[in-house]
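The values are calculated or read from the model by the stated rules, or taken from the named source; none is laboratory data. Everything numeric here is computed off the predicted structure, so don't read it as measured data. Virtual Cβ from ideal backbone geometry, glycine too; neighbours counted across all protein chains shown. The protein model used for the area step is the full one, side chains on, heavy atoms only, and it has no ligands, DNA or RNA in it. Shrake-Rupley method; radii C 1.70, N 1.55, O 1.52, S 1.80 Å.
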Amino acid sequence: MAGLLCGTKRKKQVSDLHEEGKNAINAPMLPTGTDIHPEDTLMEENAERIMLDPTSRENLKFKDLLKVLIDWINSELEEERIIVKDLEEDCYDGQVLQKLFEKLSGRKLNVAEVTQSEIGQKQKLQTVLEAVNELLRPHGWTIEWSVDSIHSKNLVAIVYLLVALAMHFQAPIRLPEHVSVQVVVVKKREGILQTALVTKELTSTTEMMLGRFERDAFDTLLDHAPDKLNVVKTSLITFVNKHLNKLNLEVTELETQFADGVYLVLLMGLLEDYFVPLYNFFLTPESFEQKVHNVAFAFELMQDGGLKKPKARPEDVVNLNLKSTLRVLYNLFTNYKNSE
């Protein structure tokens, strides 16, 4: 019995040594701390897998980006009673992506509501991603996602997709700038697994990201007819003062006096003829967060009044972005210019 156990132990040691040698050959220059999954060794020739490097997963800016995207999705899908907690686990089957795309685009997709099987999930993903790609490609987007990458819970592919949708539809959120992650690319060449560490840029500067949006009349106005800008500003100042004067308030500078959100909230109450309880907003905001709260609250009042969600971000209004402030006020002007 002792001899049998000893022989078994020796065989296991030899087997472990053989496995270690095979891993050393098949995974040259593998970044430290990265796991090669068993299915990677079964990859077909010339196949490729991409995995997020563990160190990037702990990157604070990347975590912030994930939180912003999750909060945005939950805000958009609140009426659907959908709550996303983890992008990998909640987005891979296509259900959340379907609902999000339909909400943003106003377009209903012809897919099954609930799909449990892998085949059904991939069919749904195929339909959703075809619609997304058809929308984004003409605007110069590089498609960094696929049915297989999303369904295999590739977090980088999922984030690329969500960032593209957020930017295209001008989501009222502020994406963290310069978020990059490192991914491990595993390829199979002549039966050998080869690995490389590649940096992926998920977001750039706010200015560059905003540059992807379709230009509107205010872009043209500021770029090509700055002389007419004062005419527009004067018209808007006359409009807002017509109502704010009822509270003995007066505006002389659009970009600065609406930046804390107070006048915007009060203006909405006047336009809709109701009193806004003071506990709903900060009458004398001191921090950036309090100002953002006020502007975001004013945006909610606009939607309650039947207006579309403003394409400007609350943060941009607070940061004295003139075009964002003009867009918000012009939207009010076009809807309430005949109000007394």
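The range 118-177 and the range 269-340 have Cα centres separated by 31 Å. Averaged over residues, the count of other Cβ atoms within 10 Å places the peptides 141-150, 166-175, 90-99 in the sequence 90-99, 166-175, 141-150, highest first.
Counting Lys and Arg as +1 and Asp and Glu as -1, what is the net charge of the other residues whose Cβ lies under 14 Å from the Cβ of His243? Its environment carries a net charge of -1. Counted by Cβ distance under 13 Å from Ala157, the other residues give a net charge of -1, where Lys and Arg count +1 and Asp and Glu count -1. Straight-line cross-link reach from Lys228 at under 30 Å between alpha-carbon atoms covers these lysines, not counting any fewer than eight positions away in the same chain: Lys242, Lys246, Lys291, Lys308, Lys309, Lys311, Lys323, Lys337.
In sequence order, the range 149-154 has phi-based couplings of 5, 5, 5, 8, 6, 6 Hz under the Karplus curve 6.51 cos²θ - 1.76 cosθ + 1.60, θ = phi - 60°, and Gly or Pro positions carry x. Taking only protein heavy atoms and a 1.4 Å probe, the accessible area of the range 84-196 is 46% carbon and sulfur. Our coupling estimate for the range 172-181, obtained by passing each phi through the Karplus curve with A = 6.51, B = -1.76, C = 1.60 and θ = phi - 60°, is x, 9, 10, 7, x, 7, 6, 8, 10, 9 Hz, Gly and Pro reported as x.
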